[in-house]
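See structure below.
The values are calculated or read from the model by the stated rules, or taken from the named source; none is laboratory data. Bear in mind the structure is a predicted one, so any value in this text is a computation, not a measurement. Don't worry about glycine lacking a Cβ; one is built from the backbone with ideal geometry, like all the others, and counts go over all protein chains shown.
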Amino acid sequence: MTSSLKGIEESPTLQQVSQEDQQVDQRSFDTQPEQQGEEVVLQHSIVALPLPASTSTTTQPTSPSEPQQFSGYLTDNVWYEVFRQLHCDLGEYLYSCLLVNTQFFRNAVPFFWRDVQITYFSQLTSFVRILESKNQTLPYARYIRTIYITARTPRTPSKTRSAELANLLYKLASIDVNWRLLSFTLDLDWRDCGESTIWTNFFAKFGKHLEHVALHGSSPFLSDALSFSIGEFCPNLKFLTLESRYFNGYGILNIAEKCPLTELSIWCRQVTSSVIFSIIQGRCSQTLQRLTIKNCDLDDKPLLSLITTPEGYDDDNIPNTSSNENITRTSYSSSSSYKDNSSKISLLPKLKSFYFIQSYAFSPNALTSSGLLRLLSTCPNLTELTLVVSNSSKIVNDISIEKIIKRLPLDSFEIVNPYSNQLPFHHLDHFDVTVEGLKMAIKHKPDLRLRVGAFDSMIS
């Protein structure tokens, strides 16, 4: 359930809520007998729970008119589910229920602040102002688990507003509270929102518990300085998406070296084969399970020189089944240490899913099927492979498809052309792919689902 600042801005201020509740509570206590004037701490709501049955004593049945005595507490998860169900029925009208009483207010705030979605500039301004306030009824930032900020360029952009946006984001990152943030997404395309070295500390305050970070957009704000901060202050990060042409290499490498990533998606034109190779050497190589590479500037030369042919593989021949176990355990030597074998890089032993997307050609487009095969040789346990390639790609042909099927324990293998769904894809294509070649390749693994364009091995 996603909450926004709309309901908070439309509802009365928190100070008014607190004052009204104090007046209501005061009138209630004045009318109660003195013997019932116990102090009540409204941290959690007390609910009716039956007393546990005892095997040693016999309880007397209560009369129908006599109410049972109960005591107990609802956990935060139970309260969250209660308000989630109410929100499904009431929608934004549930915000009005914050005025019921102090107890209801305290239990509703964690629900409303759990997931924050900001889609307008004015909302970001209000959001930061509320969190910066020293007179908060409750520490709202402590309840936030997800922040999603979308900052699209307005119709009349100006450098003044861009500077204000950057200032607001910096203020948000500088709020010193007991953050428990798990997910942070920033979708930013303000072209004149410039880069600054101060963003190297952007995640210092709320990065400790972060497990998911996604940075999208075409703004210079999304730069290596910002991605470098992720590696420095997000030790528990598992899911990372970086999509911006301003990301280069050193920020991504810092993340790969320090974070136990399980899913990584990169869409950065300036990321080269050398950067991808360095990711294989990082800490995340032992934890990575899903890898997506979109429109990165890869080429054969670094891959072929830095990743040697694994034991059991041959440039022309395919290893037999008996050598597969050795392939899984082997390491790959870098070119600088090939002779003395003093330096090793590890495989991606847990990688199960690999998406490679190259929807347009680079100049020069130097990645061929040889480079792709060498890169895939570092993923011995891969079960799902998807290639999205353009007509000008030199990656896909009957021979490379057959080698991939023989070498990897795939369950699903799909090749997609973004411009056509038929074979041949285009009369000027470089896809040396034929239906006969696909049928020949699938004979090596009949249980594999191979889909190339309109060809589907489970149907054809």
Next item on the list: Scan segment 128-140 for residues that are more than 21 Å from Cys97 (Cα to Cα) and either under 20 Å from the mean Cα position of the chain (by Cα) or not charged (D, E, K, R) (or both) and jot them down.
Entry: Val128, Leu131, Ser133, Asn135
Item checked: Selection count, segment 292-305, where residues are over 16 Å from Val389 (Cβ atoms) and either polar (S, T, N, Q) or at pLDDT below 85 (or both) -> 1
Item checked: Of all residues in segment 388-418 being part of a strand (DSSP E or B) and among the polar types (S, T, N, Q), the one that is surrounded by the most Cβ atoms within 10 Å (Cβ to Cβ) -> Asn417
Next item on the list: Can you work out which of the residues in segment 73-107 that are outside any helix (DSSP H, G or I) and free of Cβ contacts under 8 Å to residues at least 40 places away in the same chain is farthest from Arg145 (Cα to Cα)?
Entry: Val100
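Of all residues being small (Gly, Ala, Ser), in contact with a helix residue (DSSP H, G or I) (Cβ under 6 Å, 6 or more places away or on another chain) and within 23 Å of Arg152 (Cα to Cα) in segment 202-228, which is surrounded by the most Cβ atoms within 10 Å (Cβ to Cβ)? Just the residue, please.
Taking the candidates together, the pick is Ser227.
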Notebook entry, point to check: Does Ile293 count as of a type in the set (Val, Ile, Thr) and not in a strand (DSSP E or B)?
Noted result: no
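Could you list, in sequence order, all residues of segment 108-147 that are free of Cβ contacts under 8 Å to residues at least 12 places away in the same chain, in a loop (DSSP other than H, G, I, E, B) and hydroxyl-bearing (Ser, Thr, Tyr)?
Kept after step one, since they are free of Cβ contacts under 8 Å to residues at least 12 places away in the same chain, are these residues of segment 108-147: 120, 122, 129, 133-134.
Narrowing the set further to residues that are in a loop (DSSP other than H, G, I, E, B) leaves 120, 133-134.
Of everything in segment 108-147, those that are free of Cβ contacts under 8 Å to residues at least 12 places away in the same chain, in a loop (DSSP other than H, G, I, E, B) and hydroxyl-bearing (Ser, Thr, Tyr) turn out to be Tyr120, Ser133.
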Note to self: Quick check on Ser265: is it of a type in the set (Gly, Ala, Ser), surrounded by fewer than 19 Cβ atoms within 10 Å (Cβ to Cβ) and in a strand (DSSP E or B)?
What the structure shows: yes
Check: Is there a residue being under 18 Å from Thr309 (Cβ atoms), of a type in the set (Val, Ile, Thr) and modelled with pLDDT of 90 or more anywhere in segment 365-386?
Finding: yes
Note to self: Looking only at segment 161-185, filter to residues that are small (Gly, Ala, Ser) and in a helix (DSSP H, G or I); which one of those is surrounded by the most Cβ atoms within 10 Å (Cβ to Cβ)?
What the structure shows: Ala166
